[in-house]
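The values are calculated or read from the model by the stated rules, or taken from the named source; none is laboratory data. Computed from a predicted structure; not experimentally measured. Virtual Cβ from ideal backbone geometry, glycine too; neighbours counted across all protein chains shown. Heavy atoms of the whole protein, side chains included, go into the accessibility calculation; ligands, DNA and RNA do not. Shrake-Rupley method; radii C 1.70, N 1.55, O 1.52, S 1.80 Å.
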Amino acid sequence: MEEEQVILVNEQDQQIGTMPKMEAHEKALLHRAFSVFIMNEKGETMLQQRATGKYHSPLLWTNTCCSHQREGESNLEAGKRRLIEEMGFSVELKELFSFIYKAPFDNGLTEHELDHVMMGSFDGNPKINPDEVADWKWMKPEEIKKSIATDPQQYTAWFKIIFEKFYDHISKSNS
């Protein structure tokens with residue numbers, strides 16, 4: 001199977017090329033990515049625990065799903081595709097904001113992403129893909145914020161960065 005390609009971008013999110021995913025992470029090159037947050041009617045956020053077999057951050061908690069857009073795929077199409085692949089359900093998504101972050105890992109890889117953050121609503125139980133997801137749970141955003149502060153090693157590096165921006169966004173939206 002051919003390795004997944006990521007879309008290399010400049011800081012204005014203009015495509016400047018493609019590269020195998022591992023090579024982009026080894027070289028810490030800026031590439032396009034997305035993060036999906038699913039909320040339920042109680043205002044809780046669905047978190048996933050990454051599968052044991054993941055090449056980085058196994059068994060850490062993170063947002064509902066995230067990945068990389070494919071060439072020719074819109075941000076929303078990519079988010080919907082990955083939500084089905086990882087969590088086994090589909091919902092309408094809306095893009096909230098995007099930003100650039102850089103997060104190095106202990107294994108020498110670095111996430112350097114222009115991340116498009118999306119949100120959707122769902123009140124059921126996911127049908128998780130065990131190759132991608134070990135477990136899942138609902139948590140109120142305030143509980144997530146406290147848990148990250150007291151137990152940060154339970155969460156992925158990017159989730160700690162993204163959640164802060166997501167929390168600020170939903171807090172402003174609700175005020």
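Whether any residue in the stretch 94-104 is open to solvent by less than 10 Å² (accessible area, probe 1.4 Å), of a type in the set (A, V, I, L, M) and farther than 21 Å from PRO20 by Cβ is what I want to check. Checked against the condition, which is being open to solvent by less than 10 Å² (accessible area, probe 1.4 Å), of a type in the set (A, V, I, L, M) and farther than 21 Å from PRO20 by Cβ, the stretch 94-104 yields no hits at all. Within the stretch 79-124, the residues that satisfy the criterion of being of a type in the set (A, V, I, L, M, F, W, C), part of a strand (DSSP E or B) and under 23 Å from MET139 (Cβ atoms) are LEU96, PHE97, PHE99, ALA103, VAL117, MET118, MET119. Among the candidates LYS54, LYS42, the residue that is open to solvent by 40 Å² or more (accessible area, probe 1.4 Å), modelled with pLDDT of 95 or more and part of a loop (DSSP other than H, G, I, E, B) is uniquely LYS42. The residue of the stretch 57-78 that is surrounded by the most Cβ atoms within 10 Å (Cβ to Cβ), among those that are among the polar types (S, T, N, Q) and part of a loop (DSSP other than H, G, I, E, B), is THR64.
Conditions tested, residue by residue: (1) in a helix (DSSP H, G or I); (2) modelled with pLDDT of 95 or more; (3) of a type in the set (S, T, N, Q); (4) crowded, with 16+ Cβ neighbours inside 10 Å.
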| site | (1), (2), (3), (4) |
| --- | --- |
| GLU142 | yes, yes, no, no |
| GLN153 | yes, yes, yes, no |
| ILE162 | yes, no, no, yes |
| SER175 | no, no, yes, no |
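Of everything listed in (1) surrounded by fewer than 18 Cβ atoms within 10 Å (Cβ to Cβ); (2) at pLDDT below 95; (3) outside any loop (DSSP other than H, G, I, E, B), the single unmet condition for ILE16 is (2).
Pairs linking a residue in the stretch 96-124 that is farther than 13 Å from PHE34 by Cβ to a residue that is among the aromatic types (Phe, Trp, Tyr) and assigned to a strand (DSSP E or B), with Cβ atoms under 8 Å and 6 or more positions apart or on different chains, are HIS112/TYR101.
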